[in-house]
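Q: So that we are looking at the same thing, I have put the structure below in structure tokens.
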Amino acid sequence: MGSKGGPMWLFALLACAPEPVPTHDTLPLAEEIAAAGVARWPDGEWSFDWIPTVWAYGLHRLHVATGDPTWQEPYREWLVDNAAPYAADPPLAFNGSDSMSPALLASVLLSEDPSAVEVDPIVDAAELWLAEAPRTDEGAIEHWGESAPFGIPGQVWIDSQFMFGLFLLKEYDRTYDVRDIDVFVAQYGLFSELCRDDASELYRHAYDDATDANIPTEAAYWARGNSWVLVAAAEALAQEGAVSLPPVSGAFVAHAEAVAALQDEDGLWHTVLNEPNGDDPENYTETSASALIAYAFAVGLRAGVLDPETFVPVVDRAVAGIVARIDRDDEGLPVVEGTSYGTNPGDYDYYVGVGRHDDLMLGVGAVVMLLAEVHGTERPAESP
């Protein structure tokens, strides 16, 4: 006979039930940071290039996490405001991976709202760039076209894996045109052949076709560049599945394990991952790269291709490190500290000399990406 409070078997079952797995509660902070960014950068003041692309993609990931159309509107307006030149006669053309990167959000918006046909010309211009972009002898798409006003033609930059790679993935997800996923997989393989060091599984920043040499020539691995590669591969595996993309899966896991092993005690990663000059205080831990790396690991965990026992603690420490980089201004608004400026291929001294700033758009976007992705995901029980 049961006791007055309920059946004895129920008390016994509750007593034996495992403790609930602790999870991240990061969505409120992500929304607060995003709201401050939307107020700071009205959409009409964004350039149409790669830095706002990272920011807008953070808003997109927040829109996905919350279902709140508030976070879609800024990138919708940004795209619509910039679409007309790509529909002109003759149309404006993209001249590099950086400049075509906003097409990622055009593809995203068309998936979310197929009636947003006014941004179709942006997608068309990106597809044309990818079809006609200069390529190395091996077939890798170069970062810059001949008409680019800055940059050096004839070079492959790992940045492109994010800039055009995610666009290809979203287009395949939207249209089921197999050519898009085929190009992604082929380019991921070519970039790995040209820029990855087999011994370390880490990527040099660039490959120069004319000299058949990497930049840098020394074994110095720029963190944000490696994060672009990790994010592209993780997104591909989450979208298509590891079984469908075995070449990407194997390379991604090896790359992720190599990067995870270099995590600093503050939970972040140094701007040059491997500190080739030793424990150099000038080689700072950098916010945007760390947020993007942790985002890629979180997506890889969701895709089922990374070992939770290894990577859940890595992500947990990274989230804590990123949250520690968020200060408050005099009005109590969040300030994302410690993002490095845009970075060209260079040597170790150049990378560690790149300046940092607070509330850079690309860093804020990367942090919002991470916080939106990890909300509700597992963290180790011993975490604070």
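Every number here is computed from the coordinates shown, using simple stated rules; none is lab data. Keep in mind that what you see is a predicted model, and the values were worked out from it rather than measured. All Cβ positions, even for glycine, are placed from backbone atoms using ideal geometry, and neighbour counts span all protein chains on display.
Q: Just from the alpha-carbon atoms, what are the Rg and Dmax of the range 225-280 in angstroms?
A: Final numbers for Rg and Dmax: 13.3, 42 Å.
Q: Would you calculate the convex hull of the Cα atoms in the chain and tell me its volume per residue in Å³?
A: It comes to 174 Å³ per residue, whole-number rounded.
Q: Considering only the chain, what is the antiparallel percent among its DSSP beta bridges, to the nearest 5?
A: 100
Q: For the Cα atoms of the chain, what angle does the longest principal axis make with the long axis of helix 50-66, in degrees from 0 to 90, nearest 10?
A: Rounded to the nearest ten degrees, it is 30.
Q: Follow-up question, since we're still on this one. Considering the dipole of the chain built from charges on the beta carbon (Lys and Arg +1, Asp and Glu -1) around the Cα centre, which of Pro42, Val352, Ala30 is farthest to its positive end?
A: Checking the options against the dipole of the chain, the answer is Ala30.
Q: Separate question: With a/c under 1.5 counting as rounded, go ahead and sort the range 128-237 into rounded, prolate or oblate using the C-alpha gyration tensor (a ≥ b ≥ c being the square roots of the eigenvalues; past the cut-off, prolate if a/b is larger than b/c, else oblate). Can you show the working numbers first?
A: Values: a/c = 1.93, a/b = 1.26, b/c = 1.53.
Because a/c hits 1.5 or more and a/b fails to exceed b/c, the range 128-237 counts as oblate.
Q: Hey, another quick one. If r is the Cβ-Cβ distance from Val335 to Asp81 and R0 is 22 Å, what FRET efficiency results, to the nearest 0.05?
A: Details: r = 27 Å, r/R0 = 1.24.
Step by step, r from the Cβ atoms, then E = 0.20.
Q: Moving on to the next point. With +1 on each Lys and Arg Cβ and -1 on each Asp and Glu Cβ, and nothing else charged, work out how big the dipole of the chain is about its Cα centre, in Debye to the nearest 20.
A: Computed charge dipole of the chain: roughly 1120 debye.
Q: Taking θ as phi - 60°, what are the ³J(HN,Hα) couplings along the range 67-76 by the Karplus curve (6.51, -1.76, 1.60), each to the nearest whole Hz, with x for Gly and Pro?
A: Karplus values, whole Hz, x for Gly and Pro: x, 8, x, 3, 7, 7, 4, x, 7, 4.
Q: Which ³J(HN,Hα) values in Hz, rounded to whole numbers, follow from the phi angles of the range 365-381 under the Karplus curve 6.51 cos²θ - 1.76 cosθ + 1.60, where θ = phi - 60° and Gly and Pro get x?
A: Listing the rounded values in order: x, 5, 5, 4, 3, 5, 5, 5, 6, 8, 4, x, 8, 5, 9, x, 4 Hz.
Q: Sticking with this one: Counting other C-beta atoms within 10 Å, which of His270, His357 has the fewest, and how do the rest follow?
A: His357, His270
Q: Of the GluC sites (Glu not before Pro) in the range 245-300, which ones lie in a loop per DSSP and count no more than 14 other C-beta atoms within 10 Å?
A: In loop regions of the range 245-300 (DSSP not H, G, I, E or B), the sparsely surrounded GluC sites (Glu not before Pro) are Glu265, Glu282.
Q: Turning to a different aspect of this structure: Angle check, please: helix 27-40 long axis (alpha carbons) against the longest principal axis of the chain (alpha carbons), in degrees 0 to 90, nearest 10.
A: Here the helix axis deviates by roughly 40 degrees.
Q: Tell me, what ³J(HN,Hα) does each residue in the range 298-312 have, in order and in whole Hz, if you take phi through Karplus 6.51 cos²θ - 1.76 cosθ + 1.60 with θ = phi - 60° and put x for Gly and Pro?
A: Running phi through 6.51 cos²θ - 1.76 cosθ + 1.60 with θ = phi - 60° gives 5, 5, x, 5, 4, 6, x, 9, 10, 6, x, 4, 7, 8, 4 Hz.
Q: Give me Ile215, Ile322 sorted ascending by neighbouring Cβ count inside 10 Å, so fewest comes first.
A: Values: Ile215 21, Ile322 28.
Least to most surrounded, the residues fall as Ile215, Ile322.
Q: Full-extension gain between Asp25 and Val38, please, as 0.36 nm times their residue separation minus the C-alpha to C-alpha distance.
A: Between Asp25 and Val38, full extension yields 2.5 nm more.
Q: Compute the helix-to-body angle for 246-260: its Cα long axis versus the longest principal axis of the chain, expressed 0 to 90° and rounded to tens.
A: 70
Q: Still on this model: If neighbour count is taken as other Cβ atoms inside 10 Å, put Thr271, Thr211, Thr285 in order from fewest to most. Each step should come with its number before you reach the end.
A: Working: Thr271 27, Thr211 11, Thr285 19.
The order, fewest Cβ neighbours first, is Thr211, Thr285, Thr271.
Q: Taking amide H positions as placed 1.01 Å from N in the peptide plane, with prolines and chain starts having none, which residues 5 or more places from Val272, or on another chain, fall under 5 Å of its amide H?
A: Ala223
Q: So, by mean Cβ neighbours within 10 angstrom, what's the order for 93-99, 159-165, 66-72 with the highest one leading?
A: 159-165, 93-99, 66-72
Q: Taking a temperature of 10 °C and a viscosity of 1.306 mPa s, what whole-number D in µm²/s does Stokes-Einstein yield for the range 289-384 with Rh from Kirkwood over alpha carbon pairs?
A: Reported coefficient: 109 µm²/s.
Q: GluC sites (Glu not before Pro), restricted to the range 168-223: which are DSSP loop and have at most 15 other Cβ atoms within 10 Å?
A: In loop regions of the range 168-223 (DSSP not H, G, I, E or B), the sparsely surrounded GluC sites (Glu not before Pro) are Glu218.
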